[in-house]
Structures are given as C-alpha cells and as structure tokens.
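Report on the following structure.
The values are calculated or read from the model by the stated rules, or taken from the named source; none is laboratory data. Since the model is a prediction, treat every value here as computed from it, not as a measurement. Glycine gets a Cβ as well: all are built from the backbone with ideal geometry, and neighbour counts include every protein chain shown.
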Amino acid sequence: MSRSKAVIAIDGPAASGTSSTAAWVARELGYLHLDSGALYRAETARRLGIEDLRSPEVTAAVSSVAQIPEVRAAVNAELRCMAETTDVVVDGRDIGSVVFPDAQLKIFLVADPWERARRRLHQRLQRSATDAEIADETRRLVERDASDATNTLQARDAVLIDTTYLTQEDQVQRIVALAQKV
Ligand code: DC
C-alpha cells in the first residue's frame with residue numbers, strides 16, 4: 001500500500017514518553033497527533049461507564065481490554081482512517097510494526113524503568129518523588145510492561161532512542177531532524 005500522507009510512528013513502553021513526545025513533534029511539524037493509547041482508554045472507559053480516561057480504574061483495566069482482538073481491530077481501523085487525509089504522528093506500542101508498517105519514520109523510545117517512574121511521578125505529583133515512591137512506581141511499571149508485552153512490538157526498521165539521559169527537548173529535536181531527512 002503506498003500512501004500520499006506522512007506517518008511518523010512513535011512506540012515504546014508505558015511512561016517512555018511516547019505521547020508527550022509525539023504531541024511535541026506533531027506541533028513542530030504541523031502534523032496531527034493521534035494517541036492510540038487514548039483510544040484504548042476510551043473504549044475501556046466506555047465499558048466501565050467512567051468518563052476520566054486517566055482514572056486509576058481505567059488504567060487498571062485498559063491492558064486487558066487492549067488484548068481483545070476486536071478492540072485492536074477497531075482502534076487500528078480508526079487510526080488508519082484518520083491518517084488517510086492528513087499527515088500524522090501516531091504513538092503507541094505497535095504503530096510502526098502493525099498499524100502503519102509503511103510509516104516514513106519509526107521511532108522506538110526506551111528508558112530505564114527507574115527513570116520512567118521518576119518522570120511519571122514528577123508529572124503526577126508536581127514535585128520530586130521520594131526514593132520509596134519511585135521504587136513503588138517502578139514495580140508497577142515493570143508489571144505494566146509485562147501485561148502489555150504481547151502488544152508491544154518494536155518494528156525491525158525502527159530507530160531506537162534511549163531517552164534515559166536525554167531531555168525531552170533533545171529527543172524531540174532528534175526525531176524532528178530524522179523526519180526532515182526522510
Ligand atoms: O500509553 P497508554 O498508557 O495510554 O496506553 C494504554 C494501554 O493501551 C496500555 O495498557 C497499552 C495499550 N496500548 C496498546 O496495547 N497498543 C497501543 N498501540 C497503544 C496502547
């Protein structure tokens with residue numbers, strides 16, 4: 001399948017920064033940002049009768065809802081449909097491998113679990129987290145990685161970026177520079 005609109009795929013495990021990075025890259029390039037995790041969260045919230053996509057209840061249930069083949073097929077169809085008419089940056093777990101194997105640029109973000117936990121808590125608490133809080137969050141993230149593992153598929157031709165020691169601005173600029181070369 002050849003496509004006329006650009007797709008940049010940004011995948012990575014929980015709290016690796018895919019959504020915030022994709023949003024920023026999309027702003028820089030004037031593309032639309034599609035957050036596939038938000039679509040899985042929306043379907044989970046609908047099933048639970050809850051409205052807050054980031055609530056603990058949705059977060060606890062979304063990984064199993066995202067295992068359902070019919071749910072994955074519906075989310076993937078929606079993403080492909082939205083990408084038909086506009087240039088997009090799409091973030092998730094399997095975007096470069098399954099949803100858009102023909103994407104112009106594929107990025108896979110990784111970061112040390114402790115650092116991912118630290119960043120996530122900083123964002124949530126708006127203060128520096130203690131070591132005990134980070135240790136607790138690291139355990140939860142590692143469990144989440146395990147439950148998402150079957151759907152986290154790095155494309156063979158993805159550019160791997162380890163963000164453990166990068167600022168978000170650095171990683172965004174790296175991706176924008178790669179996008180401008182393709
Ligand atoms: O990135 P996030 O935490 O908002 O993702 C929510 C859930 O959806 C998470 O359990 C992984 C799953 N997901 C997936 O299976 N495939 C994607 N492309 C994106 C998210």
Next item on the list: Only residues that are exposed (fewer than 13 other Cβ atoms within 10 Å of the Cβ), small (Gly, Ala, Ser) and within 15 Å of ARG93 (Cβ to Cβ): list them for the range 129-164, please.
Entry: ALA146, ALA149
Check: Being crowded, with 22+ Cβ neighbours inside 10 Å and either aliphatic (A, V, I, L, M) or assigned to a strand (DSSP E or B) (or both), is that true of even one residue in the range 111-128?
Finding: yes
Checklist line | Top-ranked residue in the range 17-46 [being among the hydrophobic types (A, V, I, L, M, F, W, C) and near the ligand (Cβ under 9 Å from one of its atoms); ranked as nearest to ALA177 (Cα to Cα)] | finding: ALA38
Check: Is one or more of the residues making up the range 28-43 under 21 Å from ALA146 (Cβ atoms), acidic (Asp, Glu), modelled with pLDDT of 95 or more and not in a loop (DSSP other than H, G, I, E, B)?
Finding: no
Margin query: For the range 83-108, give me each residue that is more than 14 Å from the ligand (Cβ to nearest atom) and either assigned to a helix (DSSP H, G or I) or of a type in the set (A, V, I, L, M, F, W, C) (or both).
Written below: LEU105
Next item on the list: Just need a number here: residues in the range 89-98 that are of a type outside the set (S, T, N, Q) and either surrounded by fewer than 24 Cβ atoms within 10 Å (Cβ to Cβ) or without any contact (Cβ under 8 Å) to a residue 24 or more places away in the chain (or both).
Entry: 2
Item checked: Whichever residue in the range 47-77 is assigned to a loop (DSSP other than H, G, I, E, B) and acidic (Asp, Glu) and, among such residues, is farthest from ALA14 (Cα to Cα) -> GLU51
Check: Which of (1) within 14 Å of the chain's Cα centre (by Cα); (2) surrounded by 18 or more Cβ atoms within 10 Å (Cβ to Cβ); (3) of a type outside the set (S, T, N, Q) does ALA23 not meet, given it meets every other one?
Finding: (2)
Next item on the list: Only one of these is touching a helix residue (DSSP H, G or I) at 6+ places or on another chain (Cβ under 7 Å) and either at pLDDT 95 or above or among the basic types (Lys, Arg) (or both): ARG93, ARG124, ARG119. Name it.
Entry: ARG93
Check: Of the numbered conditions (1) at pLDDT 95 or above; (2) more than 17 Å from the chain's Cα centre (by Cα), VAL182 satisfies every one except a single condition; which is it?
Finding: (1)
Check: Regarding ALA66, is this residue touching a residue at least 12 places away in the same chain (Cβ under 8 Å), surrounded by 17 or more Cβ atoms within 10 Å (Cβ to Cβ), among the aliphatic types (A, V, I, L, M) and near the ligand (Cβ under 8 Å from one of its atoms)?
Finding: yes
